[in-house]
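J.: Below: one structure in structure tokens.
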Amino acid sequence: MRHQCKRNRLGRAQDQRKALLRSLATELFVHGEITTTMAKAKALQPYAEQIITFAKKGDLASRRQALKKIYDKESLQYINLETGEIKDTLAEGEKLPKLTVLRQLFGVIGKKYADRNGGYTRIFRLPPRRGDAAEMALIQLS
């Protein structure tokens, strides 16, 4: 029997589905919002909220769990780990680590939602896509 086995399969094999959700979650944390189809947004919402819950805990085990679920890409910015301040350039003699998705997640996003018990993302419906009339959505960190 298939009781309680419902998954948003998205018409893909398991490895492709995991890679898709992983890349969508990474881009959501980098940009704060992304535009995608409604089915992908609905599949991404619990996935991203679970990662933010890891970020709220902030311990080493949570970092490792979150790292398994996102791609840790570097950006051209720098982050002050104590204050969470993000800088585009460094002053002379200043040493700060590069901003990665994981550092942004645990340094900025996790602290932002520290007092909230869920509901970190929201989905807005958009007009259908012009090419194939697919139902589109905007998912963003609330």
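J.: Quick check: anything in the stretch 107-116 at negative phi and more than 17 Å from the chain's Cα centre (by Cα)? Break it down stepwise before answering.
T.: If we filter the stretch 107-116 for residues that are at negative phi, which is where we start, we get 107-116.
Okay, now just the ones that are also more than 17 Å from the chain's Cα centre (by Cα), so 115.
Checked the stretch 107-116: at least one residue is at negative phi and more than 17 Å from the chain's Cα centre (by Cα).
J.: With (1) in a helix (DSSP H, G or I); (2) over 16 Å from Leu21 (Cβ atoms) as the list, and Leu90 as the residue in question, which single condition is left unmet?
T.: (1)
J.: Here is a list: Tyr47, Tyr71, Tyr78. Which entry is hydroxyl-bearing (Ser, Thr, Tyr), surrounded by 10 or more Cβ atoms within 10 Å (Cβ to Cβ) and touching a strand residue (DSSP E or B) at 6+ places or on another chain (Cβ under 7 Å)?
T.: Just a single option satisfies the conditions, and that option is Tyr78.
J.: Scanning the stretch 106-139 for residues that are among the hydroxyl-bearing types (Ser, Thr, Tyr) and assigned to a loop (DSSP other than H, G, I, E, B), which turns out farthest from Leu60 (Cα to Cα)? Full working, then the answer.
T.: Residues of the stretch 106-139 among the hydroxyl-bearing types (Ser, Thr, Tyr): 113, 120-121.
In the following step, the residues that additionally are assigned to a loop (DSSP other than H, G, I, E, B) were identified as 113, 120.
Details: Tyr113: 18, Tyr120: 22 Å.
Among those that are among the hydroxyl-bearing types (Ser, Thr, Tyr) and assigned to a loop (DSSP other than H, G, I, E, B), it is Tyr120.
J.: Another question about this same structure. Answer yes or no: is there a residue in the stretch 31-52 that is in contact with a Phe, Trp or Tyr (Cβ under 9 Å, 6 or more places away or on another chain) and free of Cβ contacts under 8 Å to residues at least 60 places away in the same chain.
T.: Within the stretch 31-52, one or more residues are in contact with a Phe, Trp or Tyr (Cβ under 9 Å, 6 or more places away or on another chain) and free of Cβ contacts under 8 Å to residues at least 60 places away in the same chain.
J.: Another question about this same structure. I'd like the full set of residues that are out of contact with any Gly (no Cβ under 8 Å at 6 or more places or on another chain) and either of a type in the set (Ser, Thr, Tyr) or in a loop (DSSP other than H, G, I, E, B) (or both), limited to the stretch 54-67.
T.: Of everything in the stretch 54-67, those that are out of contact with any Gly (no Cβ under 8 Å at 6 or more places or on another chain) and either of a type in the set (Ser, Thr, Tyr) or in a loop (DSSP other than H, G, I, E, B) (or both) turn out to be Asp59, Ser62.
Each value in this text was obtained by applying a stated rule to the coordinates, not by laboratory testing. Fair warning: this is a prediction, and the values are worked out from it, not measured in the lab. Cβ sites come from the backbone with ideal geometry, for glycine too, and all protein chains shown count toward neighbours.
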